[in-house]
1. For the stretch 65-78, indicate whether the set of residues that are in a helix (DSSP H, G or I), open to solvent by less than 20 Å² (accessible area, probe 1.4 Å) and not β-branched (Val, Ile, Thr) is non-empty.
2. Please go through the stretch 32-64 and give me each residue that is aromatic (Phe, Trp, Tyr) and open to solvent by 50 Å² or more (accessible area, probe 1.4 Å), ordered by number.
3. Kindly indicate whether SER28 is of a type in the set (S, T, N, Q), open to solvent by less than 40 Å² (accessible area, probe 1.4 Å), at pLDDT below 95 and closer than 30 Å to ASN195 by Cα.
4. Taking interchain pairs and intrachain pairs at least six residues apart, which have beta carbon atoms under 7 angstrom, with the first residue in the stretch 18-35 and within 22 Å of PHE209 (Cα to Cα) and the second of a type in the set (Ser, Thr, Tyr)?
5. Out of all the residues in the stretch 304-317, which are under 16 Å from HIS352 (Cβ atoms) and open to solvent by 20 Å² or more (accessible area, probe 1.4 Å)?
6. Collect the residues in the stretch 132-150 that are farther than 15 Å from PHE108 by Cα and among the small types (Gly, Ala, Ser), keeping them in residue-number order.
7. Among residues belonging to the stretch 132-162 that are of a type in the set (Gly, Ala, Ser) and in contact (Cβ under 8 Å) with a residue 40 or more places away in the chain, point out the one that is least open to solvent (accessible area, probe 1.4 Å).
8. With farther than 29 Å from ILE200 by Cβ, touching a helix residue (DSSP H, G or I) at 6+ places or on another chain (Cβ under 7 Å) and of a type in the set (A, V, I, L, M) as the only criterion, which of LEU49, LEU17, LEU35 stands out?
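The values are calculated or read from the model by the stated rules, or taken from the named source; none is laboratory data. Treat the numbers as computed from the prediction; the structure is a model and nothing was measured. Backbone-built Cβ (ideal geometry, glycine too); neighbour counts: all protein chains shown. When the accessible area is computed, the model is the full protein with side chains, heavy atoms only, and any ligands, DNA or RNA have been set aside. Shrake-Rupley method; radii C 1.70, N 1.55, O 1.52, S 1.80 Å.
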Amino acid sequence: MQKSYIWSLPTRVFHLLFVVFILLAFLSDDEDSLLNYHAIAGYAILLLLIFRFFWGFWGPKYSLFKDFPIGIQNVKDFLVNIFDSNQKYIGHNPLASYVMFGMLIVTFLTIITGILAFGVQEGKGVLSFLNSSYFKEMKLFKEIHEFLSSVLIVLIIAHISGVLFDRLLHKKHETLKSIATGFKVTKENESIKLNIFQKIFAFLMFIAFISFLIFSLYEPKNILTASIHKPIDYKVENPLFAKECASCHILYPPNLLPRKSWETMMSNLENHFGDDASINEESNKEILAFLVKNSAETSTTKASWKFLNSIENKDIIALTKTTFWEKKHKDIPKELFLHKEIKSKANCKACHSDVEKGLIENENIKNLSDFK
């Protein structure tokens, strides 16, 4: 028995980066404030998949797709001889080959559906132009993305289990160690060697990957994460609305409430949350027309859609009374709303710095630790 060099440096670096960025993608999935970083991790994985695709056709032996021992007969032979200490498969065994193909395909589909959901639901990234056309179906795209993510977890568990099982049955082959060292114990010398073309390709792809990361971190709002929803200057858009509605509290953008809520509110300004906010009839009509024209029904921002569906036909005029608001803020300690910089649940601007511009972008939400 001797050690054979079967996993080249580019293959091992790909594996390491693939593991790291899959982990980063999962860790950043649950935090809205990390959504852009979640997207960047997804794009990074897509770059790695592009490398692996070409490496599967142009790379060295054992990394080539044609060298994966797939087929029913190979699977049968492997299972029959699974306890044989002298396995004939130098690279991936048949079961590992199927899992590897599954991981690559499912990861690719997960990334594509993620980019699709990012564009449709958030109006961000390279597919943001689909936001206006498919916005109402955003939940479907997200559910498909999450389903594929779950399938990927299952495949990852299967892959890890296979490696651990192989270590238990065929420890002398050093399969687990080989992904770090590149060497595996075999009967004969099966070492691979990269040609100049493979070295150049791997180097250029690595440079492209590092450049992408540097660019994404230096310019976080690039074409891959930038939003099609632009900030609105309401003082320019409608000076009367900005003046009258922001004289006593923050300026709530029209797109956060549905038409019915605005009509209800403007028809009873003399009892406006306990205060008399009456204005003359002409001003009332002008502001109401502006509110209705730009209400939640006309918007394709996620916040607008969530508030709209949360209110439905209920007589609600306060955002904080909606089930959506309550769900999003349920983990925030009640005493925090009494903080001197917040003072009230209605003070959205305390945490959402862009709300008065008609936006509630995840990356612009203040961290709770800022309020001490």
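1. Keep residues of the stretch 65-78 that are in a helix (DSSP H, G or I), which gives 65-67, 72-78.
Among the residues that remain, those that are also open to solvent by less than 20 Å² (accessible area, probe 1.4 Å) are: 78.
This time we only want the ones that are not β-branched (Val, Ile, Thr), so: 78.
Among the residues of the stretch 65-78, at least one is in a helix (DSSP H, G or I), open to solvent by less than 20 Å² (accessible area, probe 1.4 Å) and not β-branched (Val, Ile, Thr), which makes the answer yes.
2. Initially, the stretch 32-64 is screened for residues aromatic (Phe, Trp, Tyr), giving 37, 43, 51, 53-55, 57-58, 62.
Correct list: TYR37, PHE53, PHE54, PHE57, TRP58.
3. Details: of a type in the set (S, T, N, Q): yes; open to solvent by less than 40 Å² (accessible area, probe 1.4 Å): yes; at pLDDT below 95: yes; closer than 30 Å to ASN195 by Cα: no.
Criteria not met by SER28.
4. Listed pairs, sorted by first residue: SER28/TYR37; LEU34/SER28.
5. In the first step, residues of the stretch 304-317 are kept if they are under 16 Å from HIS352 (Cβ atoms); the result is 304, 306-307.
Across the stretch 304-317, the qualifying residue is only LYS306.
6. Matches in the stretch 132-150: SER132, SER133.
7. Here is the first cut: in the stretch 132-162, the residues of a type in the set (Gly, Ala, Ser) are 132-133, 149-150, 158, 161-162.
Those still in the list that are in contact (Cβ under 8 Å) with a residue 40 or more places away in the chain too: 132, 149, 158, 162.
On the way: SER132: 86, SER149: 22, ALA158: 45, GLY162: 38 Å².
So, considering only residues that are of a type in the set (Gly, Ala, Ser) and in contact (Cβ under 8 Å) with a residue 40 or more places away in the chain, the one least open to solvent (accessible area, probe 1.4 Å) is SER149.
8. On the way: LEU49 fails: farther than 29 Å from ILE200 by Cβ; LEU17 fails: farther than 29 Å from ILE200 by Cβ.
Going through LEU49, LEU17, LEU35 in turn, just one is farther than 29 Å from ILE200 by Cβ, touching a helix residue (DSSP H, G or I) at 6+ places or on another chain (Cβ under 7 Å) and of a type in the set (A, V, I, L, M): LEU35.
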